[in-house]
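The values are calculated or read from the model by the stated rules, or taken from the named source; none is laboratory data. Remember, predicted model here, so these are calculated numbers, not experimental data. Quick note on the areas: whole protein, heavy atoms, side chains included, nothing else; ligands and nucleic acids left out. Shrake-Rupley method; radii C 1.70, N 1.55, O 1.52, S 1.80 Å.
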Amino acid sequence: MRWVRSVHKMKLGVWCFGFLLMFQAFGGRAAEAETHGQAITELQPLPGGITLPVAMGRTLRAGKTRPGTAFQVKTTQRVPVSETAYLKRGAVVRGEVVASDAGDGSALHPSTLTIRFTQLSYGGRTVPLMTRAVAIANLMVVDDTFLPATGSTDRGNSNPASWTTRQVGGDEVARSGWVGPVVGSGTRTVGSADYYGVYSLPAKLEGANGALVPRAMGVFSTTAEGLYGFDQGAQLSSSGGLITITDAKGRAVIRDGDHLLLEVVAGR
């Protein structure tokens with residue numbers, strides 16, 4: 001899999017380089033479309049319901065990665081945390097491996113990998129955190145979200161700032177100068193996109209006194225749930241702050257380059 005990771009990183013690097021070049025031309029328009037207020041200056045515990053799209057920076061493999069192993073992931077886009085404030089991309093979420101069992105290849109004793117995230121660090125401050133995993137996407141599936149949905153250069157346009165792309169789970173993002181609607185089934189508008197990320201329509205947060213906040217979606221659809229691009233039969237379960245992948249036929253694994261959509265659980 002080393003060559004797969006190398007190809008993935010090369011493809012992503014080329015895409016990001018092009019992304020930055022295009023921003024020089026379209027940055028002004030993206031800034032005008034900004035609707036998420038200002039970056040927070042002092043980190044506080046996040047309310048329940050905030051979503052954190054993150055990317056893995058190492059591989060965790062059941063039976064090989066030991067319980068107690070610490071690791072960290074980073075947010076992949078701007079994350080609205082209130083009606084007027086957001087976290088910049090790159091906030092650090094720290095986690096640990098809770099259980100790691102290779103299994104024996106049977107349904108009675110499947111391969112099992114359990115992790116949990118416990119801290120969020122940003123701007124020199126760290127707060128406790130409890131999350132559940134809404135969805136996890138394999139790195140190869142993630143790559144597809146940066147390509148035109150048609151599978152070729154979109155409408156003859158070589159500029160990715162104005163491509164229509166497809167999120168993990170099926171939503172399409174129809175960009176023009178990085179800005180545009182997120183379209184779900186039945187051509188319903190279910191969110192929006194700008195240079196800084198992809199968001200759901202505003203939703204009420206737990207204990208937020210009626211505040212409506214867009215949810216950061218990263219590469220995921222607003223309806224995404226479970227595992228994408230994993231072995232057939234692999235399953236994701238998440239509760240009580242624990243995130244577990246089981247695989248009866250193969251080895252449960254979260255790879256370097258995989259993306260996770262985490263949701264903050266209130267009460268921590």
Equivalent ellipsoid semi-axes - Cα gyration tensor, the stretch 170-268, angstrom: 27, 20, 12
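Let a ≥ b ≥ c be the square roots of the eigenvalues of the Cα gyration tensor of the stretch 47-94; is it rounded (a/c under 1.5), or, if not, prolate (a/b larger than b/c) or oblate?
Cα axes put the stretch 47-94 in the prolate bin.
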The stretch 52-143, Cα convex hull volume normalised per residue, Å³: 127
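Give me the Kirkwood hydrodynamic radius of the stretch 79-196 in Å, from all C-alpha pairs, to one decimal place?
With all distinct Cα pairs of the stretch 79-196 included, I get 17.7 Å.
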Sequence-distant residues sharing a close amide H with Gln167 (under 5 Å, placed H): Glu172, Val173
Solvent-accessible area per residue, Å², over the stretch 174-215 with all protein chains present [probe radius 1.4 Å]: 46
Candidate aspartates and glutamates - alpha carbon under 16 Å from Lys74, same-chain residues fewer than 8 apart omitted: Glu96, Asp256, Asp258, Glu263
